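Novice: Handing you a structure now.
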Amino acid sequence: MSEPTCDVAIVGAGPAGLGCALALREIGVDRVTILESQTVGASFQRWPQEMRLITPSFHSNPFFATDLNAINPRTSPGDLFGTEHLSGQQYAAYLSAAVDHYELPVREYSPVNNLRSETDGFLLEMDKETVKARFVIWATGEFSFPDMEPFPGAELCRVASQVSSWQDVEGDEFVVIGGYESGMDAAYHLAKRGCKVKVLSSGEPWAIDDPDPSVALSPYTQERLARIARALPDSIEFLGNHEVIEVERDDTGYRALTLDGNAYASAQPPILATGFESGIKRQVASFFEWKKGQPVFSKVDSSTLYPNLFYSGPSLVHRNSKFCFIYKFRARFGVIAQEIGKRLDRDTSKLSDWERRGFLIEDLDCCVDCKCDVNSSVAEEAVP
Ligand SMILES: Cc1cc2nc3c(=O)[nH]c(=O)nc-3n(C[C@H](O)[C@H](O)[C@H](O)COP(=O)(O)OP(=O)(O)OC[C@H]3O[C@@H](n4cnc5c(N)ncnc54)[C@H](O)[C@@H]3O)c2cc1C
């Protein structure tokens, strides 16, 4: 391969890609290119208008408790907008502000269509150009890849993440398929508008009591559901253990058929909130080793097949724990930057502040050894 055009190519200008770029900047790795198929924070730009970050923002950075949604130790989206739960538009604006402030080298409208490996690096093929890089950080997230085929007839449904505003969706009775955060967000906003909603879910996510916020519904959502239940009782019906196996349509409307033989009719298309796939699976699957349907990551979040190909973002899994929130996957920005810095012979000691502030966590005991769970019945008793 001829001389690389950059040391590091980062694919995706969401929080994962930009956070890694900032960590690399910290140790002087500046031959970096960030390739973004649309615009900075594109996923957040496309959120339904009413949707908010479920993780709260609070500016406590000087006390070493960095805003949970910040992408580096020195910024705070909560402080920028004076709000705890930012909208998608606000969070995208925070990301753009970081790009401007730190002058990050983002190339918008530059989709990477294909990745190729060479003996000493990678070729990233775009529409009219090819970028060469010694290291690649794949950071294309999940939001761009909703799972459109979870069962036959799913194409008849309305995909929750593609709704621009719940106010604009016609109808007053809905079936929502999926009971995790996206499904609950849809149900909440429709109920708040005065609609009747049935939520069909294969499990009962609303009943899960787990210390990991990636498994249980967030306190923000639990609180919203409790509020709506008090204000508009019976507006949301939770049908747990109702796995939808097909959606069909006839002259009268739509029917969601469940495994137990029931059918749930609605005049409007059911709302599909059954989750997302990973950019790794959709775009670069052959570059990773796979075990039980999950990509395998090295201890420094690189591919085990291509050690110079790293991944940053919500599909990261270590010890069966998914790093799907910003505050979780940002703990690895410093790990990736440190590793690339070492391989480029840079002084990585400047990342010590990132380490102190939780942006460089190498000890993965946090994944499996959660001792912070207080039995909720004990906690309830303690409330006067
Ligand atoms: C509905 C929903 C709500 C969520 N709420 C929260 C929350 O409240 N708090 C939280 O911490 N996490 C939340 N998450 C998790 C969420 O995945 C992330 O925190 C965040 O979006 C992940 O950041 P990212 O940079 O990996 O991905 P993204 O923000 O999706 O960024 C990926 C970028 O890559 C670009 N891209 C894709 N393909 C290409 C290509 N081929 N070439 C170039 N660019 C490309 C996309 O345009 C996009 O801009 C939520 C997720 C979903 C789906």
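Novice: In the range 56-71, which residues are surrounded by fewer than 18 Cβ atoms within 10 Å (Cβ to Cβ) and either of a type in the set (A, V, I, L, M, F, W, C) or touching a residue at least 24 places away in the same chain (Cβ under 8 Å) (or both)? If you could, list the steps in order and put the result at the bottom.
Specialist: To start, the set of residues in the range 56-71 that are surrounded by fewer than 18 Cβ atoms within 10 Å (Cβ to Cβ) comprises 56, 58-60, 62-65.
Residues satisfying the conditions are 56, 58, 63, 64, 65.
Novice: Here is a further query. Pick from 188, 264: which is within 16 Å of the ligand (Cβ to nearest atom), closer than 25 Å to residue 167 by Cβ and at pLDDT 95 or above? Before the answer, list the steps.
Specialist: On the way: 264 fails: within 16 Å of the ligand (Cβ to nearest atom).
On inspection, the qualifying residue turns out to be 188.
Novice: Still on this model: Of 346, 356, 319, 332, which residue is within 21 Å of the chain's Cα centre (by Cα) and either closer than 19 Å to residue 73 by Cα or crowded, with 16+ Cβ neighbours inside 10 Å (or both)? Before the answer, list the steps.
Specialist: Values: 346 fails: within 21 Å of the chain's Cα centre (by Cα); 356 fails: within 21 Å of the chain's Cα centre (by Cα); 319 fails: either closer than 19 Å to residue 73 by Cα or crowded, with 16+ Cβ neighbours inside 10 Å (or both).
It is 332.
Novice: Does residue 175 satisfy being among the aliphatic types (A, V, I, L, M) and either under 30 Å from residue 225 (Cβ atoms) or under 20 Å from the mean Cα position of the chain (by Cα) (or both)?
Specialist: Working: among the aliphatic types (A, V, I, L, M): yes; either under 30 Å from residue 225 (Cβ atoms) or under 20 Å from the mean Cα position of the chain (by Cα) (or both): yes.
Spelling it out, residue 175 is indeed among the aliphatic types (A, V, I, L, M) and either under 30 Å from residue 225 (Cβ atoms) or under 20 Å from the mean Cα position of the chain (by Cα) (or both).
Each row is one residue, and each column tells you yes or no for (1) closer than 18 Å to residue 274 by Cβ; (2) touching a Phe, Trp or Tyr at 6+ places or on another chain (Cβ under 7 Å); (3) without any contact (Cβ under 8 Å) to a residue 60 or more places away in the chain.
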residue	(1), (2), (3)
193	no, yes, yes
199	yes, yes, yes
222	no, no, yes
225	no, yes, yes
239	yes, no, yes
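Novice: If you don't mind, there's one more thing I want to ask. Before we move on, is residue 124 under 23 Å from residue 22 (Cβ atoms), within 13 Å of the ligand (Cβ to nearest atom) and in contact with a Lys or Arg (Cβ under 7 Å, 6 or more places away or on another chain)? Spell out the reasoning first.
Specialist: Details: under 23 Å from residue 22 (Cβ atoms): yes; within 13 Å of the ligand (Cβ to nearest atom): yes; in contact with a Lys or Arg (Cβ under 7 Å, 6 or more places away or on another chain): no.
In short, no.
Novice: Output the residues belonging to the range 34-81 that are more than 22 Å from residue 357 (Cβ to Cβ) and away from the ligand (no atom under 11 Å from the Cβ).
Specialist: If the condition is that a residue be more than 22 Å from residue 357 (Cβ to Cβ) and away from the ligand (no atom under 11 Å from the Cβ), then 49, 50 are the ones that fit.
Novice: Out of the range 5-31, which residues are surrounded by 23 or more Cβ atoms within 10 Å (Cβ to Cβ) and outside any helix (DSSP H, G or I)?
Specialist: The answer is 8, 9, 10, 11, 12, 13, 14.
Novice: Of all the strands (runs of 3 or more DSSP E) wholly in the range 221-315, which have at least 2 residues that are under 21 Å from the mean Cα position of the chain (by Cα) and in the same structural domain as residue 140 (by TED's automatic domain parsing)? Explain how you work it out, then say what you get.
Specialist: Numbers: elements: 236-239, 244-250, 253-258, 263-266, 309-311.
Per the criteria, 309-311.
Novice: Of the residues that sit in the range 84-98 and are touching a strand residue (DSSP E or B) at 6+ places or on another chain (Cβ under 7 Å) and in contact (Cβ under 8 Å) with a residue 40 or more places away in the chain, which one is surrounded by the most Cβ atoms within 10 Å (Cβ to Cβ)?
Specialist: Taking the range 84-98 and keeping what is touching a strand residue (DSSP E or B) at 6+ places or on another chain (Cβ under 7 Å), we get 85-87.
From what is left, the residues that are in contact (Cβ under 8 Å) with a residue 40 or more places away in the chain are 85, 87.
Numbers: 85: 16, 87: 18.
Checked the range 84-98; the qualifying residue surrounded by the most Cβ atoms within 10 Å (Cβ to Cβ) is 87.
Novice: Moving on to the next point. Just one of (1) more than 14 Å from the ligand (Cβ to nearest atom); (2) loosely packed, with under 13 Cβ neighbours inside 10 Å; (3) in contact (Cβ under 8 Å) with a residue 40 or more places away in the chain trips up residue 169, so point out which.
Specialist: Looking at each condition in turn, residue 169 falls short on (2).
Novice: Within the range 41-122, which helices (runs of 4 or more DSSP H) (wholly inside it) include 3 or more residues that are farther than 22 Å from residue 312 by Cβ? Explain how you work it out, then say what you get.
Specialist: Working: elements: 42-45, 77-81, 88-102.
Output list reads 77-81.
Novice: Conditions first: (1) aromatic (Phe, Trp, Tyr); (2) in the same structural domain as residue 10 (by TED's automatic domain parsing); (3) touching a residue at least 60 places away in the same chain (Cβ under 8 Å). Residue 81 passes all but one, so which condition is the exception?
Specialist: (3)
Novice: Do you know which of the residues in the range 140-166 that are surrounded by 13 or more Cβ atoms within 10 Å (Cβ to Cβ) and in a helix (DSSP H, G or I) is farthest from the ligand (Cβ to nearest atom)?
Specialist: So, considering only residues that are surrounded by 13 or more Cβ atoms within 10 Å (Cβ to Cβ) and in a helix (DSSP H, G or I), the one farthest from the ligand (Cβ to nearest atom) is 156.
Novice: Of the residues 298, 286, 235, which is surrounded by fewer than 13 Cβ atoms within 10 Å (Cβ to Cβ) and at pLDDT 95 or above? Spell out the reasoning first.
Specialist: Values: 298 fails: surrounded by fewer than 13 Cβ atoms within 10 Å (Cβ to Cβ); 235 fails: surrounded by fewer than 13 Cβ atoms within 10 Å (Cβ to Cβ).
The conditions single out 286.
Novice: When the range 1-15 is examined, which residues are found to be closer than 24 Å to residue 328 by Cα and in contact with a strand residue (DSSP E or B) (Cβ under 8 Å, 6 or more places away or on another chain)? Talk me through it step by step, then tell me what you get.
Specialist: Residues of the range 1-15 that are closer than 24 Å to residue 328 by Cα, as a first pass: 8-15.
Hits for the range 1-15 are 8, 9, 10, 11, 12, 13.
The values are calculated or read from the model by the stated rules, or taken from the named source; none is laboratory data. Everything numeric in this text was worked out from a predicted model, so none of it was measured. With ideal geometry, Cβ positions are generated from the backbone for all residues, glycine too; neighbour counts draw on all protein chains shown.
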